[in-house]
Amino acid sequence: MAAALASRRTVLACLSAAALVGAAMTGALIGDAYVTMLLAQSFTYAIAAISLDLVWGYAGIPELGHSLWFGIGALCVGSMTTSVSETGGVLAAGADATTYILAAAVGVVLAAAMAAIVGWYAFSRGATHFYIAVVGLALAAAAQPAYSQFPRYTGGEGGLFGFAYEGFSNAEWYYVSAAVLLCVTAFLIVLVRSDFGLLLRAVRDNERRVRYLGFNVERIKIAIYSLGAALAGLAGALYAAMEGAVSAPLFGTLFATEMMVWVAVGGRGTILGPAIGTIALGLGGSKLSAAFPLEWSLFLGLALVLIVVFFQAGVLPPIARGLARAVLGSGHKAEQNRSLVAGRETAVPARDASASAAIEISGLFFAYGGLRVLRGVNLEILKGELLCIVGPNGAGKSTLIEVLTDGARNFAGQVAFLLGDRVEHQGRQQDVIARSGVVRKFQVPSLFPSMTVAEHILLATSNGRWPSVWRRTHAIGVPPVVEAICAASGLTGRLEEVAADLSHGVAQGLEMAMAVATRPRIVFMDEPTAGLSAVERAVVGDLLRVLAKSGITVVLVEHDLDFVERIADRVAVLHEGRVLEVGAPSQIAQSDVVRGAYLGSFELEKGDH
Amino acid sequence: MGVVFDAIFSVSVFLLVSIGLFVILGLMNIVNLAHTAFMAVAVYAELYFTGHGWNFWLSAAAGVAVTTLLGAIVEFAIVRRLYGRHIDDTILATWGVSLILVQVLAIAFGSTTTSVAPPLSGSVKFLGELLSIYRIFIVATVATVVAAMAAVIRFSKAGLIVRMVMTNEPLARGVGINTGMVQRLTFVAGAAFAGLAGTLLGPTQGISPSFASSLLASTFLIVLMSGRRLSGLLFACVAAGLAQTLFSAYGNPVIANVMVICTAVVVLRLKPEGLIWPRH
């Protein structure tokens, strides 16, 4: 199903691109000067729209103030090609081509730099998804009135005007803006189809999981926010050079909303949709808005409400899909898109006999608010061992893993990782820990609903390094044991299925495959066998042994004590936030202390499975 | 001394406008960007009825009634379909509603600025300052409304239900509270508050279809700073009112509005949970 969609998407992309180029070519043939300029103008809007689509549609950042960047680009061109009196009156306008190009470059750089600063400020850890929406809205709401306060640079209330670049005829403007639009469109299509584009969708789907795969999510968001701003600045500069006018409304929330309507109509998360939608709305809109200026704004509002409430996919994508179905027929068979290939083994030195510590934990305390969960954990996890952590519900097993994979948690006590150098754990962020080769498999599968199995594994293999912004990997090199995990959990034939369609057991397998695909040195696995049948559990047990044998340190949280006895090198018993006893499985099973403390709950646990 | 009274009035205006947004955000987790458009509808209804010879108070009551009805219609037609959706969806949809309402007003009444006469004219001299009686009336009304709301939330059974839905909506549903109905009523109540704000503020400023829209961003930020507590709302309004008055006194109103927005953006970054007293 997903595969069929993928190939249909390719055909759609070709059809839409053809439509876009076709529109670009035929528009000029009409020859009407008014229509030509109108199209040229809507091309600049289209550039702004697809830059917003990158930020909002692909990276999922709710950007309510995109007009700001467009305005900055336009203002730079306006300000650098006019001379203005103290009170904002335009004294002279126009300059040579070099000045325009320079001004546009300044506009793009300024927009990108300001967006980077705003992004750096707004995308902090702990700031809600909501906050950036607020910041965008606030910036646009503040920029429009602030515009009139700097007449020396902005022309004040009246704005700047009359500075259009004289060197181009209407038709030339048309071709220039069409060329820029096509270049930006092509660039963005390559970007969103690349491995990096995959990372963007992952951030949109499940930010937290991306962090645990070793990616610095904030940096990705800032980069995309800044890139979107740069492209919007370029669009604004082009618009200003063509129209020769800039004023406060270009910065305002209304214009920002209009951009969102373009994107929403064209379809969020499709680059071509917003481009075509903007041009169509620009053409129809100008005729209509000239004839019915009040009703046009009303129409925009209605369109926004209807699309958000009833047509979330936008207006164009369903139409385009219908067309594609008509051309291809519904039973079109897709080609396999991505596959796993055996890559190099995980580069971990074989288990050394000295059994030195990989993680030293002493006196670890941690509380969720007033609930004290870890109350002085002392534990040494050895290199290359398979350690099982057991204990009744509420003993703090999952919390221990949570704290060990997120050094920014507010814990007390000593934790050190000894992978090469000794690294103190305190204050280290999730992604830094993941990049150092310490990864985790979540208890409840935490996946990217809209992405395929293969795409999950592909992302995991990068282990925090930014993937290529132009290459689209088809053959994913993974350690052989990942292929074994996929085969064992029934993922092999389902690489093109989206995660939302996976059953719980298969999703568990994918979680495990992702963790191992990062080529980790330490893996924390929170209940990898939950939701699996007895047969599957046995297979997973064998795989875990394979992992440990290859030199990876495996730390397992497990309830099933028979399973633990069969696979573990050592067992640590956690009870009420303390480690009660550590030792070989047989030793733990015989231990009187453990029995004394646990008899009831142990028997119950056994009965459960 | 004049600055102090200006500040008190400014705080009251912020409270009046933000209280409707506050209940909707707190109980429904929805940001209603159509709030100031609701206010505009209320003030135009007031204008319409006073134009037909009704007295001010009756017209104001009619304005509130019209806005309440409008709130019910918007809830039924649009907001109801957005429960549980992503926050950007509700922001966009209510923003769309706002565009529609403002344009309908512009088409129906024209875009020119008009005004409505205050029902209480004249002023009193207090500590050497001339104070408009109508402004004093607004401050008193806001104080009464806020005090009544605090009492209802704190002491009544309805307030208990409201607090339950605010803290844990699924649990409240689990113990048999019709949370859907609570949320529906909340949106309508929020619209009624917008109606109250619009009709009360009508005589204090010029009336155009974009009535009060300059307040939208700042009140939205105030509500976020409230930390979803009434005390926090009070706190945030005082902060914003002081900033507004001080920057107006030593700069100009435009800069003041921009500064309020910037202050709020900074505060929200430093204290994402809002301006609330720590509870221990």
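The values are calculated or read from the model by the stated rules, or taken from the named source; none is laboratory data. Treat the numbers as computed from the prediction; the structure is a model and nothing was measured. Quick reminder, even Gly has a Cβ in these numbers, built from the backbone with ideal geometry, and neighbours come from all protein chains shown.
A few remarks follow.
- Lone qualifier among B:PHE76, B:PHE38 - being surrounded by fewer than 21 Cβ atoms within 10 Å (Cβ to Cβ), at pLDDT 90 or above and within 27 Å of A:LEU254 (Cα to Cα): B:PHE76
- Scanning segment B:106-140 for residues that are in a helix (DSSP H, G or I), touching a Leu at 6+ places or on another chain (Cβ under 6 Å), in contact (Cβ under 8 Å) with a residue 24 or more places away in the chain and more than 14 Å from chain A (Cβ to nearest Cβ) yields B:TYR134, B:ILE138.
- Out of A:LEU419, A:LEU404, A:LEU374, A:LEU379, sole residue that is closer than 20 Å to A:ASN216 by Cβ, touching a strand residue (DSSP E or B) at 6+ places or on another chain (Cβ under 9 Å) and at pLDDT 85 or above: A:LEU404
- Residues located in segment B:251-269, provided they are without any contact (Cβ under 8 Å) to a residue 40 or more places away in the chain, part of a helix (DSSP H, G or I) and more than 7 Å from chain A (Cβ to nearest Cβ): B:PRO253, B:ALA256, B:MET259, B:THR263, B:VAL266
- The set of residues from segment B:167-184 being more than 18 Å from B:GLU75 (Cβ to Cβ) and either part of a loop (DSSP other than H, G, I, E, B) or in contact (Cβ under 8 Å) with a residue 12 or more places away in the chain (or both) comprises B:ASN168, B:VAL175, B:GLY176, B:ILE177.
- The single condition among (1) more than 14 Å from chain B (Cβ to nearest Cβ); (2) buried (at least 20 other Cβ atoms within 10 Å of the Cβ) that A:LEU139 does not satisfy is (1).
- Filter result for B:GLY51 (within 16 Å of B:ILE207 (Cβ to Cβ) and under 16 Å from the mean Cα position of the chain (by Cα)): no
- Unique match (being farther than 24 Å from A:ASP32 by Cβ, in contact (Cβ under 8 Å) with a residue 40 or more places away in the chain and either in contact with a strand residue (DSSP E or B) (Cβ under 8 Å, 6 or more places away or on another chain) or in a loop (DSSP other than H, G, I, E, B) (or both)) among A:GLY269, A:GLY273: A:GLY269
- For segment A:290-302, the count of residues that are without any contact (Cβ under 8 Å) to a residue 24 or more places away in the chain, crowded, with 23+ Cβ neighbours inside 10 Å and not in a loop (DSSP other than H, G, I, E, B) is nonzero.
- Breaking point among (1) within 14 Å of chain A (Cβ to nearest Cβ); (2) without any contact (Cβ under 8 Å) to a residue 12 or more places away in the chain, for B:ALA93: (2)
- For beta carbons closer than 6 Å, sequence separation of 6+ or different chains, a first residue in segment A:167-180 that is assigned by TED's automatic domain parsing to the domain that holds A:THR98 and outside any helix (DSSP H, G or I) and a second that is surrounded by fewer than 17 Cβ atoms within 10 Å (Cβ to Cβ) and modelled with pLDDT under 90, the qualifying pairs are A:GLY167/A:ALA97.
- Selection within segment A:245-270: residues that are among the hydroxyl-bearing types (Ser, Thr, Tyr) and more than 11 Å from chain B (Cβ to nearest Cβ). The member of this set that is nearest to B:LEU99 (Cα to Cα) is A:SER247.
- Some residue of segment A:212-222 being more than 14 Å from the chain's Cα centre (by Cα) and either within 24 Å of A:GLN144 (Cβ to Cβ) or away from chain B (no Cβ under 14 Å) (or both): no
- Just one residue in the set A:THR128, A:THR99 is out of contact with any strand residue (DSSP E or B) (no Cβ under 9 Å at 6 or more places or on another chain) and within 13 Å of another protein chain (Cβ to nearest Cβ); that residue is A:THR128.
- Checking segment B:71-86 against the condition returns a match, with at least one residue being in contact (Cβ under 8 Å) with a residue 60 or more places away in the chain, within 14 Å of B:ALA192 (Cα to Cα) and away from chain A (no Cβ under 14 Å).
- Among the residues of segment B:87-108, those that are farther than 22 Å from B:LEU185 by Cα and crowded, with 16+ Cβ neighbours inside 10 Å comprise B:ASP88, B:LEU99, B:ILE100, B:VAL102, B:GLN103, B:VAL104, B:LEU105, B:ALA106.
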